[in-house]
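Before any comments, here is the structure.
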Amino acid sequence: MSFVTMGFGLGMGLGPLIAGGLAGYVGFKVPFYVVGGFCLVAAAWVWRWAKESIAPGEWALDEV
């Protein structure tokens, strides 16, 4: 099983449980703030660690 498929499955399975627990105990807005924070961390992680596939000034269609 790939990491992407496993991540989708975990998100669909655990996401509503965690969001429901946070909304029930803390407040309705908190799950949105938590997920927004996770998205910012994930975006920073991808920006930092993902390699650029196309060099600056190069077009993807040049090789076709």
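How much accessible area per residue does the chain have, in Å², with a 1.4 Å probe?
Result: 96 Å² per residue.
Once you treat every alpha carbon in the chain as an equal point and sum by Debye, what is log10 I(q)/I(0) at q = 0.24 Å⁻¹?
Debye intensities relative to I(0), on a log10 scale: -1.05.
Just to confirm the filter: which trypsin sites (Lys or Arg not before Pro) across the chain are DSSP coil and have at most 14 other Cβ within 10 angstrom of their Cβ?
Sites meeting the loop and neighbour criteria: LYS29, LYS51.
Rounded to the nearest 10 degrees, what's the angle between the helix 3-25 long axis and the longest principal axis of the chain, both from Cα atoms, 0 to 90?
So the inclination is approximately 30 degrees.
Students sometimes get this wrong: rank TRP47, TRP59 by accessible area, probe 1.4 Å, all chains present, largest first.
Largest accessible area first, the list is TRP47, TRP59.
Which percent of the accessible area of the chain is formed by carbon and sulfur heavy atoms (probe 1.4 angstrom)?
With neighbouring chains kept in place, the figure for the chain is 75 percent.
Between 0 and 90 degrees, rounded to the nearest ten: what's the tilt of helix 30-49 against the longest Cα principal axis of the chain?
Helix 30-49 and the main axis of the chain meet at about 20 degrees.
The values are calculated or read from the model by the stated rules, or taken from the named source; none is laboratory data. Note that the structure is a prediction, hence the values are computed from the model and not measured. Don't worry about glycine lacking a Cβ; one is built from the backbone with ideal geometry, like all the others, and counts go over all protein chains shown. What goes into the accessible areas is simple: the full protein's heavy atoms, side chains included, and nothing from ligands, DNA or RNA. Shrake-Rupley method; radii C 1.70, N 1.55, O 1.52, S 1.80 Å.
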